[in-house]
Amino acid sequence: MAKNIPWNSRITWYYYFDRHMSDYTQEDFDKEAAEMASLGIDIVLLSSKAHFRINYYPYWDRINETLRKIVIAFHKVGIKVVEHHSCSLVHVPLTKEEWEVKKNKACRLTDQGKYAAEWEQVKDWMLSDAHIDGVRVSSFMQISGATGQLVESPYDSHAVCFNNEDYRRIYFKYLESIYALGVDGIMTDDVQYYANNNSCACATCRRLFKEQTGYTMPDTTDEWNNRFFGNFDDPRYIAFDQFRRNSTIRYQRDVDAHFRSLGLNLLRPNYISNEVLSNHTAYPFSNCADLWDVMFQENVASTIIRYSWPRYACEAVHRYAFSSYNDIPSMSMFYNRCSSDMYFAFALALSWGQLWNPS
């Protein structure tokens, strides 16, 4: 079990956006890193406009060049760098009509502004029958057994299937390019099966489900919806529900095994918003606690400040218990909108025995 993050660490976020990728020199990054070091920061978790990383495939090299400068800058002042992005959420393929609706909020792109031309290849990429290494992106997506169609995530996107061999080969190869930049850690975000427990029913999952359980998934949406799904008297469904969870657990463990096979011992922070009440997306968290170097919770938006902090307090008990058992820190991330929010969030984190992580 890796224990690379002490309880007294100061962990915060470093956001890199258009200006960082287009305008910043190494000296600019050095200056911001020095400012964070003056605050006692030990570790930065990265977040970017290109969070939905597969959307930005045409610019992976450009993103990596920015990451290289960030790593150099923060290492100069003794701060560790954890790259964080979504390894699954993707908007490929889109129709022209869908692009017009999603280009701003979902895809974080517009037709206006100083940096519009910097991302002009993204539109053609999303509207095309996109390929990576000769493999159609749409061929390794999650499929809902309830509809037989591509899964829609809560983020107005599709999502990859973590069992698909082509996806795993492509993505793990990309991770190697990130590791080569000297990052100290990796957060593979959004390892989840969506569609309200109905995924994944892609060809790969159907094959693996048969191999691992001896059962066969329903062939029709009628059988899936009316006789299979949610039927705990049907051993196939019980096996399917566990299969989903086993698949995401296997994926996260394989990420770990992959970088260790390269001789690396990377930091692996991980978080979840809610796990006590439900885990419909088969998110691998407590059942992978031995992988993480810090376990934290995402206290979503301002709701925790306004009226629902007791619910998050219950989640905090869970995080603290699991973290203490695994001898790693527990942490709370807050989205603060004003100084009073920040003060209240700081007090909550301390009362919960957690590190405070403002965003």
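Just so you know, all these numbers are worked out from the coordinates, no wet-lab data involved. The shown structure was predicted, so the numbers you read here are calculated from the model rather than taken from an experiment. Counting neighbours? That spans all protein chains shown, and the Cβs are built from the backbone with ideal geometry, glycine included.
Using modelled amide H (1.01 Å from N, peptide plane; none on Pro or chain starts), what sits under 5 Å from the amide H of His84, excluding residues fewer than 5 places away?
Those qualifying (amide H under 5 Å, at least 5 residues apart or on another chain) are Leu46, Met187.
Can you give the relative contact order of the chain as a percent, counting alpha carbon pairs under 8 Å and 6+ residues apart?
16 percent
Using amide H atoms built 1.01 Å from N in the peptide plane, name the residues 5+ places from Tyr271, or on other chains, whose amide H lies under 5 Å from its own.
Under 5 Å from the amide H of Tyr271 lie the amide H atoms of Phe296, each far enough along the sequence or on another chain.
Only Cα pairs under 8 Å and at least 6 apart count here; give the relative contact order of segment 150-280 as a rounded whole percent.
31 percent
Going by the alpha-carbon gyration tensor, a ≥ b ≥ c the square roots of its eigenvalues, is the chain rounded (a/c under 1.5) or, if a/c is not under 1.5, prolate (a/b greater than b/c) versus oblate?
It comes out oblate by the Cα gyration axes.
Return a whole-number percent for the relative contact order of segment 89-204, with Cα pairs under 8 Å and 6 or more residues apart as the contact set.
Across segment 89-204, relative contact order equals 30 percent.
Going by amide H atoms built from the backbone, whose H comes under 5 Å of the H on Lys49, apart from near neighbours?
Tyr16
Taking segment 305-344, which trypsin sites (Lys or Arg not before Pro) meet the DSSP loop condition and have no more than 13 other C-beta atoms within 10 Å?
Answer in residue order: Arg337.
Is it possible to state the helix-based mean residue ellipticity at 222 nm for the chain, with each DSSP H run of 4+ residues giving -39500 (n - 2.57), the sum divided by total residues, to the nearest 500 deg cm²/dmol? What is it? Please report the intermediate quantities before stating the final value.
On the way: 10 runs with 133 residues, N = 359.
Helix contribution divided over all residues of the chain: -12000 deg cm²/dmol.
State which entries of Lys49/Lys96; Lys69/Lys173; Lys173/Lys210 exceed 26 angstrom in Cα-Cα distance in the structure shown.
As for pairs spanning more than 26 Å Cα to Cα, those are Lys173/Lys210.
Decide, for segment 300-359, between rounded, prolate and oblate: order the square roots of the alpha carbon gyration tensor eigenvalues as a ≥ b ≥ c, take rounded if a/c falls under 1.5, and otherwise choose prolate if a/b is larger than b/c, else oblate.
Values: a/c = 2.49, a/b = 1.75, b/c = 1.42.
Verdict is prolate for segment 300-359.
Which percent, to the nearest 5, of DSSP beta bridges fully inside segment 11-292 are antiparallel?
Close to 30 percent.
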